[in-house]
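Working notes, beginning with the structure itself.
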Amino acid sequence: MIKSSYRRTFKSIALVIGFSVFPISANCGVLTLGPGLGVERVNDVFNVDLDIVRGLYRFDSGISLGAVVMFGYVDYLDVPDEGRYEAILGYSPGIPKSKFSPYAFITKGVRSYFGSLSSIHYHTATFGSRYALNQRVYFDSSYRHRNTSDMSWETGTASIGVGYNISQMLSLQFNIGTTWGDYQGDQAVVALVSRF
């Protein structure tokens, strides 16, 4: 009952925040925030449903600051639901007349379990690039390394995605990824990308 109550509360908060503001963009002086939904298959044993809200502000210098909030809901034995909260620092240089937009991000995160006071602190480093096929379609690829000294949770994740620019202010992006290391996983995420 408590688990279900946490789930409804956090899902409502995430969706309200996500739909009231705006996800990552490589434009100058742009604030972007947005919701995403996904699923992760862990060790080919159980699925984790993901609710994601990501926000980022990119300064004219190419430096980016932001945050990610992710809620994972598990329907397997006694595996608890969890929340992950990450602060982001990144850099994405603007390359004039180039279809490529490289980026790099480091994060400091906290993973907490619903109904528990314990938490895990971790950090990540992500390197990737976006390629604009044309004005409407773009591709995205990245590699992320995650580690922590709190438990065995060191992983690498490779991700590829495709996005469609519905307008200058709105895009839809779909990513798939695979994780290896202290556990194995496969992810699929769809995100609405709105920007000012």
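Structure notes:
- Meets criteria (modelled with pLDDT of 90 or more, of a type in the set (S, T, N, Q) and more than 11 Å from the chain's Cα centre (by Cα)) for residue 9: no
- Residue list for the range 147-196, filter: among the aromatic types (Phe, Trp, Tyr), farther than 20 Å from residue 54 by Cα and touching a Gly at 6+ places or on another chain (Cβ under 7 Å): 180
- Test for residue 113: is it out of contact with any Phe, Trp or Tyr (no Cβ under 8 Å at 6 or more places or on another chain), surrounded by 13 or more Cβ atoms within 10 Å (Cβ to Cβ) and aromatic (Phe, Trp, Tyr): yes
- Selection count, the range 13-32, where residues are surrounded by 14 or more Cβ atoms within 10 Å (Cβ to Cβ), β-branched (Val, Ile, Thr) and at pLDDT below 85: 4
- Flag for residue 156 being within 18 Å of residue 86 (Cα to Cα), at pLDDT 95 or above and part of a strand (DSSP E or B): yes
- Cβ-Cβ contacts under 9 Å between residues 6 or more apart (or on different chains), taken from a first residue in the range 33-61 that is closer than 14 Å to residue 184 by Cα and modelled with pLDDT of 95 or more to a second residue that is surrounded by 18 or more Cβ atoms within 10 Å (Cβ to Cβ) and among the acidic types (Asp, Glu), are listed as 47/40; 48/40; 48/81; 48/82.
- The set of residues in the range 45-88 that are hydrophobic (A, V, I, L, M, F, W, C), over 30 Å from residue 101 (Cβ atoms) and part of a strand (DSSP E or B) comprises 46, 74.
- Residues of the range 178-196 that turn out to be assigned to a strand (DSSP E or B) and either touching a Ser or Thr at 6+ places or on another chain (Cβ under 9 Å) or surrounded by 19 or more Cβ atoms within 10 Å (Cβ to Cβ) (or both), as a count: 13
- Residue, surrounded by the fewest Cβ atoms within 10 Å (Cβ to Cβ), within the range 83-110, restricted to residues that are under 15 Å from residue 58 (Cα atoms) and aliphatic (A, V, I, L, M): 95
- Where residue 175 falls short, out of the listed (1) surrounded by fewer than 16 Cβ atoms within 10 Å (Cβ to Cβ); (2) in a strand (DSSP E or B): (1)
The values are calculated or read from the model by the stated rules, or taken from the named source; none is laboratory data. Computed from a predicted structure; not experimentally measured. Because the Cβ atoms are built from the backbone with ideal geometry, glycine has one as well, and the counts that use them run over all protein chains shown.
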